[in-house]
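Student: First the structure, then my questions, so here it is.
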Amino acid sequence: MNENCQLLVSIVINNYNYGQFLPQAIDSSLSQTYPNSEVIVVDDESTDNSQEIITSYGDKIISILKKNGGQASALNAGFYVSRGEIVIFLDADDYLFPNAVSEVV
């Protein structure tokens, strides 16, 4: 096995009122073929159903529900808690193909 497979990859998803797209972004992140990743979802005080969606994933993801501070603030919050040697940033309306993380590593 390639030694790169041991690298932890953090996938940080930032969200503000994109509940309609958020499950696809989270599910595509959780469905990666690469075995060593963490998914961090940062909600920037959404007023739609985003926070309910995020909490429904339980301990499958790391969730951060914060006061609204804008996109840069949300990305910084996710980066702050990330543990990965590689960090991938997504918006809530993005989708990762199943082998995307493997290709990055």
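Laboratory data are not the source of any read-out in this text; all were calculated from the coordinates shown. Worth saying up front: this structure is predicted, and the values here are computed from it rather than measured. In this analysis, Cβ positions are derived from the backbone assuming ideal geometry, glycine residues included, and neighbour counts consider all displayed protein chains.
Student: In debye to the nearest 20, how big a dipole does the chain give about its Cα centre with +1 on each Lys and Arg Cβ and -1 on each Asp and Glu Cβ?
Tutor: 220 debye
Student: Along the Cα→Cβ direction, 7 angstrom out, place labels at residue 94 and residue 76. What is the inter-label distance in nm?
Tutor: Each label point is offset 7 Å from its Cα along the Cβ direction, giving 1.9 nm.
Student: Okay, moving on. Ordered by residue, what ³J(HN,Hα) values in Hz, to whole numbers, does segment 50-66 give under the Karplus form 6.51 cos²θ - 1.76 cosθ + 1.60, where θ = phi - 60° and Gly and Pro are x?
Tutor: Using θ = phi - 60°, the values come out as 4, 5, 5, 4, 4, 5, 5, 7, x, 8, 6, 10, 9, 10, 10, 10, 10 Hz.
Student: Right, next: Within segment 17-39, name every residue whose backbone N is under 15 Å away from a label modeled 7 Å from Cα of residue 47 along the Cβ vector.
Tutor: Under cut-off, by backbone N: 17-19.
Student: Helix 71-81: angle to the longest alpha-carbon principal axis of the chain, degrees 0 to 90, nearest 10?
Tutor: 50 degrees
Student: Next up: Ranking 93, 43 by Cβ neighbours within 10 Å, fewest first, what do you get?
Tutor: 93, 43
Student: Out of these labelled values of volume of the Cα convex hull per residue in Å³, (i) 107; (ii) 83; (iii) 98, which was calculated from the coordinates shown here?
Tutor: The listed entry that was calculated here is (ii).
Student: Within 10 Å of each candidate Cβ there may be at most 16 other Cβ atoms; applying that plus a DSSP loop requirement, which trypsin sites (Lys or Arg not before Pro) in segment 1-99 survive?
Tutor: 66, 67, 83
Student: Note the full-extension length gain between residue 105 and residue 30 as 0.36 nm times their separation in residues minus their Cα-Cα distance, in nm to one decimal.
Tutor: Extra length available between residue 105 and residue 30 comes to 25.4 nm.
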